[in-house]
Amino acid sequence: ERDGVRVHLAKDFGFCWGVERSIALAYEAVEHFPGRTVHITNELIHNPEVNDNLHKMNVQFIEKLGEGKKDFSKVEDGDVVILPAFGASFEEMSLMNEKNVEVVDTTCPWVSKVWNTVDQHQRKGLTSVIHGKYGHEET
């Protein structure tokens, strides 16, 4: 409290529309592809409850090897691969294109817009500077 003003912080307030979209697409993918192995390239969102639900739905999380590398060796032809709300790297996208897999892209459209803008800037010879947490998927 300060100068007669009291601030109350909410425990949580729900998710933005991009995250809600991502969760819905991921859950629907599991239902839409019964009998197929479903993988996800990373946490869907930064929320343990949502990611625990995916584990309970038997979604296979791609193992992280460190320094941005992942082990895609368990992804086989005919499998389903979910891309999380914050997208996937160009290398991961190329790998998914090479494999005979069904890709479910749950990338938030606002995240895609930033990535596409950076790509356009790079093609024009411009440098983009993105401020964010080091090593964080979105940045």
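Before moving on, here are some points about what is shown:
- Close amide H partners of residue 83, meaning residues 5 or more places away or on another chain with modelled amide H under 5 Å apart, are 104, 105, 106.
- Over the stretch 86-139, the fraction of Cα-Cα pairs per 10 Å bin, rounded to whole percents and listed from the shortest bin up, is 21, 47, 27, 4.
- In sequence order, calculated HN-Hα J values of the stretch 114-120 (Karplus, 6.51, -1.76, 1.60; Hz; x Gly/Pro): 5, 4, 5, 5, 4, 4, 4
- Relative contact order of the chain: 23 percent, from C-alpha pairs under 8 Å at least 6 residues apart in sequence.
- Per residue, the chain reaches -11000 deg cm²/dmol at 222 nm when only DSSP H runs of four or more residues are counted, each adding -39500 (n - 2.57).
- Apportionment of accessible area to carbon and sulfur, the chain, percent (1.4 Å): 51 percent
- Per the Debye formula on identical point scatterers at the alpha carbon atoms of the stretch 5-139, with no solvent, log10 I(q)/I(0) at q = 0.19, 0.20 Å⁻¹ is -1.18, -1.28.
- Note on residue 77 and residue 47: the extension gain reaches 7.9 nm, defined as 0.36 nm multiplied by sequence separation minus the Cα-Cα distance.
- If you count Lys pairs in the chain whose Cα atoms are under 23 Å apart, skipping same-chain pairs closer than 8 places in sequence, the total is 14.
- Total formal charge among the other residues, if their Cβ is under 14 angstrom from that of residue 34, Lys/Arg +1 and Asp/Glu -1: -3
- Modelled spin labels at residue 122 and residue 100, positioned 7 Å past Cα toward Cβ, are 3.1 nm from each other.
- Over the chain, accessible surface divided per residue gives 72 Å², non-protein components excluded, 1.4 Å probe.
The values are calculated or read from the model by the stated rules, or taken from the named source; none is laboratory data. All values derive from a computational prediction rather than experimental measurement. So basically every Cβ, Gly included, is an ideal-geometry build from the backbone, and we count neighbours across all protein chains shown. When the accessible area is computed, the model is the full protein with side chains, heavy atoms only, and any ligands, DNA or RNA have been set aside. Shrake-Rupley method; radii C 1.70, N 1.55, O 1.52, S 1.80 Å.
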